[in-house]
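First comes the structure, then the notes that go with it.
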Amino acid sequence: MSLERTAEGASGSATLTVDELSARVGMTVRTLRFYAGRGLIPPPVRRGRVGYYGPEHIARLDLVRELQAHGFTLSAIEGYLERIPADATPQDIALHRTLLTPWMRDLPETLDRKALVRRTGRDLTDDDIEMLVALGVVEPTPDDDVFQVATAHLSLGVELLDLELPVEAALAAGRIFTEHGRAIAEELTEVFRKTVWPHFRDGGSTPEHLQQLIERFKPVTIQGLVLAYERAVGETQRDTIRRTSNRPKR
């Protein structure tokens, strides 16, 4: 199904001229026409010589802006939108935006080295910075001594500095968490898309309600991961003790 057919089917709700759409979404007319030319939004509904836009155009433009805020390139945005059915309702498109809600408590903050020292309340050696980078709390930028900092986790990073762990251990642990964390995230996302989302969508839930659900789902998921990790560590310790006790004595 083409985007053009979607626009035709929504003719009754298309009431905005391109200038009105521009004011509504905060984008220039030139940008809107560029996006339309790239197929990011359906063509306007024509009534005579005037084209009109409706809720489906607004929903897709809001999604484009959300994807841009997450750092997606225009090509990546095009690929993402291609996977959304052309006959998707504005509500369905809004649900895609909801699923893009950041899960980190705070977005990374850009700090230079002096500001980072002030924030941590301690002098930071090059080794300290290397450790914070290994822990994933600090990320270097192309500018010297300027970093992207996960400020919500900075105090934890400082506590780990006091443990004086080998940086190799932090890097190895980081690789483990990244690898398994990504696998968990992908599998949970599939559960949400295939089970949770259809359940609430078919029940007539609004995007706002689903947003609230995700916000409540975050801490529950994190606590579930912590509980599973604690149990796994306990089981691993018991297995280690059993293997050690069963070894033949020399």
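On the given criteria, is Arg182 within 27 Å of Asp92 (Cβ to Cβ) and either of a type in the set (A, V, I, L, M, F, W, C) or out of contact with any Pro (no Cβ under 6 Å at 6 or more places or on another chain) (or both)?
For Arg182, the condition - within 27 Å of Asp92 (Cβ to Cβ) and either of a type in the set (A, V, I, L, M, F, W, C) or out of contact with any Pro (no Cβ under 6 Å at 6 or more places or on another chain) (or both) - is met.
So in segment 148-176, with the set limited to residues that are without any contact (Cβ under 8 Å) to a residue 24 or more places away in the chain and surrounded by 14 or more Cβ atoms within 10 Å (Cβ to Cβ), which one is farthest from Leu124 (Cα to Cα)?
Ala173
Taking the stated definitions as given, is Ile77 modelled with pLDDT of 85 or more, more than 15 Å from Gly157 (Cβ to Cβ) and surrounded by 15 or more Cβ atoms within 10 Å (Cβ to Cβ)?
yes
Within segment 1-20, take every residue that is of a type in the set (Gly, Ala, Ser) and part of a helix (DSSP H, G or I) and give me the one that is modelled with the lowest pLDDT.
If we take residues in segment 1-20 being of a type in the set (Gly, Ala, Ser) and part of a helix (DSSP H, G or I), then Ala7 is modelled with the lowest pLDDT.
Among the residues in segment 232-249, are any over 27 Å from Leu95 (Cβ atoms), modelled with pLDDT of 90 or more and either assigned by TED's automatic domain parsing to the domain that holds Asp126 or surrounded by 11 or more Cβ atoms within 10 Å (Cβ to Cβ) (or both)?
No.
The values are calculated or read from the model by the stated rules, or taken from the named source; none is laboratory data. Just so you know, these numbers come straight off a predicted model, no measurement behind them. Glycine gets a Cβ as well: all are built from the backbone with ideal geometry, and neighbour counts include every protein chain shown.
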